[in-house]
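Take a look at the structure below.
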Amino acid sequence: MMHRLPSLALLALACFPLLALAAPQDQSIISGPIHISDSWTWIDCGDPSDIIELHSIKVTPDPPQPGKNLTVAVTGYVRETIEEGAYADVTVKLGLVKLLQKEFDVCEEARNADASVRCPVDPGEYEVEQTVELPKEIPPAKFTIMVRGYTPEDEPMVCVDIKVDFMKKRPFPKIW
Ligand SMILES: *[C@@H]1O[C@H](CO)[C@@H](O)[C@H](O)[C@H]1NC(C)=O
């Protein structure tokens, strides 16, 4: 079903807020599930020395629903200036099958998305919010979105893995 791939790219774009932000203070948290809900989880897989430290990721609605707008709000700390040329490798998998792997220019994506944060991004705390329309035809399956961000000098910048389970039953209206 090749025609589905471009729509799935939208899912990957849902992660862009992740790249534009970040924050370190709790250096003791190195990795491990930080958020667990029924239908999705995220893990900061970066090192404490990475330029971006993620604090929280919130999605609305939670759980995400195919065919609806999804707003992703990310908070984090930027430790060093993020310069033009920063990039991110985004991989989207459906189960074990790789659907998409693409390199994105982080600063350019932020400009195109009209994001509130623009490069160069000065050190500090950030909260970034981005809305994407999720395609209706997202199959009921488990997706993994892996984001690996790098500085223009190829130093690790941010690392996050997001798992979304669209197999969970959609909310069912209560009729009694
Ligand atoms: C998503 O948001 C955009 C912009 O606010 C709006 O034009 C669009 O109709 C929304 N889509 C859905 C499915 O609600």
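Read-outs: derived from the displayed coordinates by stated rules, not from any lab. These numbers come from a predicted model, not from an experiment. Heads up, the Cβs are rebuilt from the backbone with ideal geometry, glycines too, and the neighbour counts pull from every protein chain shown.
Counting only residues 5 or more places away or on other chains, whose amide H sits under 5 Å from the amide H of Leu134 once H atoms are built in the peptide plane?
Sorted by chain and number, the residues that satisfy this are Gly67, Lys68, Asn69, Leu70.
If you take the beta carbon distance between Lys98 and Gln65 as r and set R0 to 22 Å, what does 1/(1 + (r/R0)^6) give as a FRET efficiency, to the nearest 0.05?
0.35
Please list 3J(HN,Hα) in residue order for the range 53-70, calculated via the Karplus relation 6.51 cos²θ - 1.76 cosθ + 1.60 where θ = phi - 60°; whole Hz, with x for glycine and proline.
Per residue, the Karplus-derived 3J(HN,Hα) values read 10, 7, 9, 8, 10, 10, 10, 10, x, 10, x, x, 10, x, x, 10, 6, 10 Hz.
I want the local charge near Leu96. Using Cβ-Cβ distances under 13 Å, sum +1 for each Lys or Arg and -1 for each Asp or Glu among the other residues. The partial results should precede the final answer.
Details: positive: Lys93, Lys98, Lys142, Lys163; negative: none.
My count for the surroundings of Leu96 gives +4.
Where a Cα-Cα gap under 14 Å defines reach, which aspartates and glutamates qualify for Lys142, not counting those fewer than 8 residues away within the same chain?
Straight-distance partners of Lys142: Asp38, Asp161, Asp165.
Quick one: what are the phi-derived ³J(HN,Hα) couplings along the range 39-50, Karplus 6.51/-1.76/1.60 with θ = phi - 60°, whole Hz, x for glycine and proline?
In residue order, the calculated couplings are 10, 7, 9, 9, 10, 7, 9, x, 8, x, 7, 4 Hz.
Between Leu100 and residues 5 or more places away or on another chain, which pairs have amide H atoms under 5 Å apart, with H built 1.01 Å from N, and which residues are they?
When sequence neighbours closer than 5 places are left aside, the close amide H contacts are Val92.
Ile52: net charge of surrounding residues, Cβ under 10 Å, Lys/Arg +1, Asp/Glu -1, itself excluded? Let's see the in-between values first.
Working: positive: Arg79; negative: Asp44, Asp50, Glu53, Glu80.
Summing Lys/Arg as +1 and Asp/Glu as -1 gives -3.
If each of Arg111 and Glu83 carries a label point 7 Å out from its Cα toward its Cβ, how far apart are those two points in nm?
1.7
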